[in-house]
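Everything below concerns the one structure shown next.
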Amino acid sequence: MSQLKNVEARILQCLQNKFLARYVSLPNQNKIWTVTVSPELRDRTPLVMVHGFGGGVGLWILNMDSLSARRTLHTFDLLGFGRSSRPTFPRDPEGAEDEFVTSIETWRETMGIPSMILLGHSLGGFLATSYSIKYPERVKHLILVDPWGFPLRPTDPSEIRAPPTWFKAVVSVLGRSNPLAVLRVAGPWGPGLVQRFRPDFKRKFADFFEDDTISEYIYHCNAQNPSGETAFKAMMESFGWARRPMLERIHLIRKDVPITMIYGANTWIDTSTGKKVKMQRPDSYVRDMNLRKILLEAFLQVGPTCPVPRVGSGREHLLCAGTPLPTPQCLS
């Protein structure tokens, strides 16, 4: 934990906006590690961001300054991940999911946030959606970025999308173990293993770090007691699928909660989910955005001389002079 604290401090030093980092103590004695950026901007609804599986607050560093330019931004380590407490979760998928959702609501109450724009990435998108079903009055807008766990697992194997190479490599090593057990087995070789399985991380964060800071951060986030990881295992089926798919429940979110779904240019998540959500919520605001399509449209509009940045750099709105990416309604 001390090494995680040190490497995270190096990451947060990159922030230009004012920020606060502290533990938020919950009534059940658990603690949620929380980072608040631009705390002085209290006149607008805050943005709350929920990270994905195996992640933590540090992986938002590319986006935190830009997204907190006009409103306060809160992000936290999910219960069982990063620097937050690592309790024993229920072993059934519904119980594990409810434990996550309850911790988010208790965190919100403790923080004194009346309502929020809720953004979730990957597993965080799944949990943010589950939260919005249970506490819709607290969500002004739900934003889902490459959300995990939405589609039903196809019965026809030919319809199953191939997982990324890094995932297949991990599975070949781990078999039926916890998803990230290989990192704990690797010990001091863990950061190098992260770099080997996910070399894309170093490229994505190259504007900030030329060394292995991000690989070290991911390793130290996951080299500890696999609390949230065990909960995720209870919720998943073959990693890519949820035992309780969210598409079966998305209609339960109150109709007046707008939803924006954003898919990365190189995502391995099924991007057709956005259209299926639209079909299930015909009387609600639902917008799906595919960054590959948006980047292509921008390229066709301004010509091949326009420099297109890496998606996820936090600078996607600088495609070219006069060619911004569309912004979700809630953040405009």
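The values are calculated or read from the model by the stated rules, or taken from the named source; none is laboratory data. A quick note: this is a predicted structure, and the numbers were derived from the prediction, not measured. Note that we place each Cβ from the backbone using ideal geometry, even for glycine, and neighbour counts take in every protein chain shown. The accessibility values were calculated without ligands, DNA or RNA, using every heavy atom of the protein model including side chains. Shrake-Rupley method; radii C 1.70, N 1.55, O 1.52, S 1.80 Å.
One table, with the values for the structure above:
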read-out: Test for residue 124: is it in contact with a His (Cβ under 8 Å, 6 or more places away or on another chain), assigned to a loop (DSSP other than H, G, I, E, B) and under 22 Å from residue 261 (Cβ atoms); value: no
read-out: Pairs, first part of a loop (DSSP other than H, G, I, E, B) in the range 77-88, second open to solvent by 30 Å² or more (accessible area, probe 1.4 Å), C-beta under 6 Å, six or more apart; value: 80/86; 85/31; 86/225
read-out: Counted residues, the range 132-155 - those being assigned to a strand (DSSP E or B), out of contact with any Ser or Thr (no Cβ under 7 Å at 6 or more places or on another chain) and among the basic types (Lys, Arg); value: 0
read-out: Filter result for residue 11 (open to solvent by less than 20 Å² (accessible area, probe 1.4 Å), more than 24 Å from residue 132 (Cα to Cα) and in contact with a helix residue (DSSP H, G or I) (Cβ under 7 Å, 6 or more places away or on another chain)); value: yes
read-out: Residue match in the range 41-49 (condition: of a type in the set (Asp, Glu) and at pLDDT 95 or above); value: no
read-out: Selected residue [surrounded by fewer than 21 Cβ atoms within 10 Å (Cβ to Cβ), among the hydroxyl-bearing types (Ser, Thr, Tyr) and at pLDDT 95 or above] from 88, 75, 165; value: 88
read-out: Residue in the range 111-124 that is closer than 26 Å to residue 270 by Cα, modelled with pLDDT of 95 or more and of a type in the set (Gly, Ala, Ser) present; value: yes
read-out: Candidate set from the range 266-298 (those that are at pLDDT below 70 and open to solvent by less than 80 Å² (accessible area, probe 1.4 Å)); member that is farthest from residue 149 (Cα to Cα); value: 298
read-out: Residues of the range 248-265 classified as surrounded by fewer than 17 Cβ atoms within 10 Å (Cβ to Cβ) and in a helix (DSSP H, G or I), total; value: 3
read-out: Residue tally, condition farther than 18 Å from residue 213 by Cβ and in a strand (DSSP E or B), over the range 34-55; value: 7
read-out: Residues being open to solvent by 10 Å² or more (accessible area, probe 1.4 Å), outside any loop (DSSP other than H, G, I, E, B) and either of a type outside the set (Gly, Ala, Ser) or without any contact (Cβ under 8 Å) to a residue 40 or more places away in the chain (or both) - total across the range 56-66; value: 3
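Yes or no, residue by residue, for (1) open to solvent by 30 Å² or more (accessible area, probe 1.4 Å); (2) over 23 Å from residue 274 (Cβ atoms):
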{"site": "103", "(1), (2)": "no, yes"}
{"site": "114", "(1), (2)": "yes, yes"}
{"site": "117", "(1), (2)": "no, no"}
{"site": "129", "(1), (2)": "no, no"}
{"site": "144", "(1), (2)": "no, no"}
